[in-house]
Amino acid sequence: VDPTRFETLQSSRRTAAAAIGVTRPLGDFSVALNLNANRNSSEGERGLPMAWVVIPADHPRSPFADDVLLTRPFAGERALRTDDDSTSLGASLTLNGSIGSWQISLAASYARNWADNFFENGIDVARVQRLIDDLDPDFNPYGVWDEGLLIAARNRTKSENMSARLNVRKAIVDLPAGPLTWNLTANTGRNSTQSRQRDASGNLVASNDVTRSQSSGQMSVSIPISRNDGAGAGWLGDLTVDLSASAQKMTGSRPQKGFDGNISWSPRPVIQLRGAIEYTENAPSFDQLDAPIVTAVARIFDYTRQEVAEPVGITGGNPDLKRGRRQSLTLTAMARPLGDEKLTLNLGYRQSVAKGGLAAFPELTPAIEAAFPERVTRDADGRLVMVDARPINIARNTDASLSSGVALRLGQARRQARGAAPTDPLQLSVALSHQWRLKSELLIRPGIPAIDQLADSGQSRHTLSLQITAGTREIGASVNGNWASASTVTSADRLFRFKPPLTFNLSMFVEPGRLIKQSSPGALTKDLKISFDVQNLFNGYRRVTLADGSVPAGYSRDEIDPLGRTVRVSVRKRF
């Protein structure tokens, strides 16, 4: 048989979502109620399960005079399966309004989630051989095998989340440069998770029930120091200082605190400068700790053996995560040399240092495997079997980047005769931005060398993004493009060069009711919007070559990106 018939490079996916929202005034307040439901499922195949077992000559079901080696599939052309299903139901209620001079926002939400992950990993050959050696009268090695002889895991998770948020804002006192504003935000939440893992026979392997509560609060104050009085900027121009302090407490951990300071200064109307310093103690979120465990095949390149591997990948929550802290510095400058929004120039610098912080598991390069040997499992022959890719704690993560951008915006409403409605002319905007990653250094634990992720972990130093938008309220289109610089990974004596593609995405929309000036209240085209989107317009993919220019095994076009270009048409009608 052709083995590729029983393997999927990318699982099929089905998604359904429904949302209902209603907003109504209630005195000086506005009340909004939203209900939503989501259903996601995926199915994939990961090969034909085969077994190699020895049938002894004295076995009652053997027609042979000597010992024989039996090679057979589990059940004809039945492939190993990997299935994922998730369902969520949610509701939220939001209340916005004012009581006197106090601006108040109150929100509450409730959600229930169900997740089912089923993963088959092969035949339990050792158990089959024992049944044969024990001459079990109920087991026929040539007959139909019971599903319990498969190595499989089913993880079922049920979770419930409740949260509430209160925001209060008030102008405390009027200063010469404007009102001093005080803002308070309080959050509270409770998450309950139940998970059960069973084998192919339905036997309970592991269970976990966790309930966590989390509360946090943030208080901030905005202090205007100087203000442009309209007749011309004073010697300071516009200057505002924002200060905030926060605290957070989760079940099982000590309180975490945070501080933030921000200065915004505009010495002239065409220039705006900002600076921010932040210190935050971070605790893992509900999802980082208790998200459903998902087991699936991860098709990756194994640099150690120089081959494509399909290990079992484990994702989900990690209850062993600890809290950490982060310090960051941000400096930005914006200039509008033409005095309006037609031309905008941006420049920014950001540096952050996280100690004992939280991070997603990086791509499995040789440096990462050496730093996390406990997360990687190999068999006796050194083949990659399993990768635990759940979130991790790190000793220190240092990042620094420089960003720049230019934006051009053309088009404005034409002047009309007095009493006439303004026109809706063509609007055109072009934005180009660049990010230069100056440093990205990862120290897993003290005592081992830090990992330079820009030098040898396949990460790009430079990224460019372009966005062009043109249209009116009735019809429009946008194109955005993304590019990243080449990178390398070294394994043993081989150099792998990664060249990301220059990708473009196209989006277009039309509102027929506005376009044809349909005035009938009950017309089908009223409040109708049709959208057309193409992702990866030119079907690009991340190319990988060796030093001699050849493509290593496992890096063909379909193996890297099985999906490629996608086209979507959507129709939205508001009633």
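Before moving on, here are some points about what is shown:
- Selection of chymotrypsin sites (Phe, Trp or Tyr not before Pro), the stretch 514-563, meeting DSSP coil and at most 14 other Cβ within 10 Å: F538
- Over all directions, the projected convex hull of the C-alpha atoms in the stretch 448-516 averages 6.9 nm² in area.
- Pair-distance distribution of the stretch 305-353: all C-alpha pairs, bin width 5 Å, starting at 0; shares per bin in whole percent are 5, 11, 10, 8, 9, 9, 10, 12, 10, 8, 6, 2.
- Q10 sits among other residues whose Cβ lies under 10 Å from its own Cβ, and their net charge, with Lys and Arg +1 and Asp and Glu -1, is 0.
- Taking the empirical scaling 2.2 N^0.38 Å for compact globular proteins as reference, the stretch 433-575 has a Cα radius of gyration ratio of 1.55.
- Lysines with Cα under 22 Å of K249, excluding same-chain neighbours fewer than 8 positions away: K257, K322, K355
- Computed on the chain, with alpha-carbon pairs under 8 angstrom and 6+ residues apart, the relative contact order is 6 percent.
- Of the chymotrypsin sites (Phe, Trp or Tyr not before Pro) found in the stretch 142-191, the ones in coil according to DSSP and having at most 11 other Cβ atoms within 10 Å of their Cβ are Y142.
- Sorting F509, F498 by solvent-accessible area of protein heavy atoms yields F509, F498, largest first, with a 1.4 Å probe.
- For the stretch 530-575, trypsin sites (Lys or Arg not before Pro) are listed when DSSP marks them as loop and at most 11 other Cβ atoms sit within 10 Å of their Cβ; the list is R574.
- Relative contact order %, the stretch 79-207, counting alpha carbon pairs below 8 Å whose residues are six or more apart: 25
- With contacts taken as Cα pairs under 8 Å at a separation of at least 6 residues, the stretch 430-533 carries a relative contact order of 20 percent.
- Inter-centroid distance (Cα atoms) of the stretch 456-504 relative to the stretch 522-575, Å: 14
- Per-selection metrics, the stretch 64-188 (Cα): Rg and Dmax in Å: 31.3, 105
- What separates the Cα centres of the stretch 201-217 and the stretch 74-106 is a distance of 18 Å.
- Rh by Kirkwood over Cα pairs, then Stokes-Einstein D for the chain at 0.890 mPa s and 25 °C, µm²/s: 84
The values are calculated or read from the model by the stated rules, or taken from the named source; none is laboratory data. Quick caveat: nothing in here was measured; it's all calculated off a predicted structure. Neighbour counts are summed over all protein chains in view; Cβ atoms, including those assigned to glycine, are modelled from backbone coordinates with ideal geometry. For accessibility, only protein heavy atoms count, side chains too; no ligands or nucleic acids. Shrake-Rupley method; radii C 1.70, N 1.55, O 1.52, S 1.80 Å.
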